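One structure is given below, encoded as structure tokens.
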Amino acid sequence: MAESRARGRLWRMSSHLNPSDGVSMEVCRAKGGATGLRVAILGAAGGIGQPLSLLLKMNPLVSTLNLYDVVNTPGVTADVSHIDASAVVRGFLGKDQLDSALEGVDLVIIPAGIPRKPGMSRDDLFKINAGIVRTLCEGIARACPRAIVNVISNPVNSTVPIAAEVFKKAGTYDPRRLFGVTTLDVVRANTFVAEVVGLDPKLISVPVVGGHAGVTILPLLSQPLQVTPAIRFSDEERHYLTNRIQNGGTEVVEAKAGTGSATLSMAYAAAKFADACLRALKGEDGIVECSFVASQVTDLPYFSSRVKLGRNGAEEILPLGPLTEFERKGLEAMKKELQGSIDKGIQFATSA
Ligand SMILES: NC(=O)C1=CN([C@@H]2O[C@H](COP(=O)(O)OP(=O)(O)OC[C@H]3O[C@@H](n4cnc5c(N)ncnc54)[C@H](O)[C@@H]3O)[C@@H](O)[C@H]2O)C=CC1
Ligand SMILES: O=C([O-])CC(=O)C(=O)O
């Protein structure tokens, strides 16, 4: 009897999580950690969304985790909610619940949209993902205009400008609060450099600048911070590493052979970047991450480089630092493509 009573209680606790099912939280004395931060994941049932939900549930800074998708959120929500970490997990399904998913949220992470198949470029995703990101950002402008926004959906070089234009149109744009997530490029750079030099990747921190597609991804291999004496690469190593980092996404797409792109490493990278944003929101000082943001570091209007994070988002965009001839050439080589992708996003959002 005692056992079955306990089971009934657990069932109600988990099934309240989808607000559409009409079961209330009456049986729960606590309504969730009041002092933490509220996070929403849009696209939470996807390949990235699911492991990212798991990692955010485990983040002690999160008090409420809202999981939104157009399919399958009740199952993902029930599953993740059973993990014994303090964040309260709530599921939201379909566009009618978008605004409820976003109300009062401090940080929104967007991994919604289709992934690549072999032979596709990230730009090939524009047709479908541009509209998805626009719709979701319209929801953010309505329901949580002060939230920090982390855009993962590809092509990032265009989806971030789309998000900015949606917010401008709504009168809610604050460039400090909008970030394209390029952390996976840094994660890959650290891993591949560590492999070549035979060090623990935790000791390596390679700034990766530019954008998030092919030649627009530029690792500054002359600046792998934290290592003394500084690492010097041969020409052969520099070419190998730059090429592998620029094509890391394609490497995974081809290995997955039509079943998707990076999901686990991306969830790890997104959780790392989200954690940096949350710690900055909490007032921690000295947090610096690479991200694709509105920028004046080059003549391009958006650019990924090292950004100092603070309570209001991007506090300071740090200069690129001294570049080698190889890196200067890489920077020049990316400009046309990156500007084109940015213009394409702006054009899409302003002509609609
Ligand atoms: N920024 C980066 O470094 C990376 C970006 N990506 C991108 O992330 C995106 C997601 O990739 P996966 O999770 O592998 O794809 P997926 O197809 O496994 O999951 C996407 C999820 O988005 C949902 N979705 C579709 N339309 C939606 C809408 N209107 N509102 C809410 N949710 C919606 C789908 O139902 C699905 O659950 C892709 O565009 C991919 O290219 C992937 C890896 C790295
Ligand atoms: O390559 C893709 O399509 C997904 C992605 O952005 C990455 O893994 O860096």
Selection from the range 98-133 of residues touching a residue at least 40 places away in the same chain (Cβ under 8 Å), surrounded by fewer than 19 Cβ atoms within 10 Å (Cβ to Cβ) and more than 16 Å from ligand 2 (Cβ to nearest atom) yields ASP99, SER100, GLU103, GLY104
Reported set for the range 181-223 where residues are over 19 Å from VAL293 (Cβ atoms), small (Gly, Ala, Ser) and touching a Ser or Thr at 6+ places or on another chain (Cβ under 9 Å) is GLY214, SER222
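Just checking, which of VAL156, VAL88 is open to solvent by less than 20 Å² (accessible area, probe 1.4 Å) and either modelled with pLDDT of 95 or more or closer than 23 Å to SER265 by Cβ (or both)? Quick ask: steps written out before the conclusion?
Working: VAL88 fails: open to solvent by less than 20 Å² (accessible area, probe 1.4 Å).
Within the list VAL156, VAL88, the selection yields VAL156.
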Exactly one of GLY210, GLY260 is on the phi > 0 side of the Ramachandran plot, surrounded by fewer than 17 Cβ atoms within 10 Å (Cβ to Cβ) and under 21 Å from the mean Cα position of the chain (by Cα), and that one is GLY260
For GLY198, the lone unmet condition from (1) out of contact with any helix residue (DSSP H, G or I) (no Cβ under 6 Å at 6 or more places or on another chain); (2) outside the structural domain of ALA270 (by TED's automatic domain parsing); (3) not aromatic (Phe, Trp, Tyr) is (2)
Restricting the range 70-85 to residues that are open to solvent by 40 Å² or more (accessible area, probe 1.4 Å) and either part of a loop (DSSP other than H, G, I, E, B) or in contact with a helix residue (DSSP H, G or I) (Cβ under 6 Å, 6 or more places away or on another chain) (or both), the one farthest from ligand 1 (Cβ to nearest atom) turns out to be ASP84
- Item | Selection status of PHE292, of a type in the set (Phe, Trp, Tyr), at pLDDT 95 or above and out of contact with any strand residue (DSSP E or B) (no Cβ under 8 Å at 6 or more places or on another chain) | no
Filtering the range 252-288 for residues that are within 13 Å of ligand 1 (Cβ to nearest atom), of a type outside the set (Lys, Arg) and closer than 16 Å to THR182 by Cβ leaves a count of 12
Scanning the range 308-337 residue by residue, the ones that are in contact (Cβ under 8 Å) with a residue 40 or more places away in the chain, open to solvent by less than 60 Å² (accessible area, probe 1.4 Å) and within 19 Å of the chain's Cα centre (by Cα) total 2
Of the conditions (1) within 16 Å of ligand 2 (Cβ to nearest atom); (2) over 15 Å from the mean Cα position of the chain (by Cα); (3) surrounded by fewer than 15 Cβ atoms within 10 Å (Cβ to Cβ), the single one that GLY283 does not satisfy is (1)
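Let's see how each residue does on (1) free of Cβ contacts under 8 Å to residues at least 60 places away in the same chain; (2) closer than 23 Å to LEU56 by Cβ; (3) open to solvent by less than 10 Å² (accessible area, probe 1.4 Å):
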| position | (1), (2), (3) |
| --- | --- |
| ASN150 | no, yes, yes |
| PRO161 | no, no, yes |
| ALA164 | no, no, yes |
| ALA170 | yes, no, no |
| PRO175 | no, no, no |
| GLY180 | no, yes, yes |
| VAL187 | no, yes, no |
| VAL193 | yes, no, yes |
Of those in the range 214-240 that are crowded, with 21+ Cβ neighbours inside 10 Å and closer than 23 Å to ASP200 by Cβ, the residue nearest to ligand 1 (Cβ to nearest atom) is PRO219
Within the range 32-49, residues away from ligand 2 (no atom under 16 Å from the Cβ) and under 20 Å from LYS256 (Cβ atoms) come out as ALA45
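The values are calculated or read from the model by the stated rules, or taken from the named source; none is laboratory data. From a predicted model like this one, the values you see are computed outputs, not experimental measurements. Note: ideal-geometry Cβ built from the backbone for every residue, glycine included; neighbour counts use all protein chains shown. Surface areas here come from the heavy atoms of the whole protein model, side chains and all, with no ligands, DNA or RNA. Shrake-Rupley method; radii C 1.70, N 1.55, O 1.52, S 1.80 Å.
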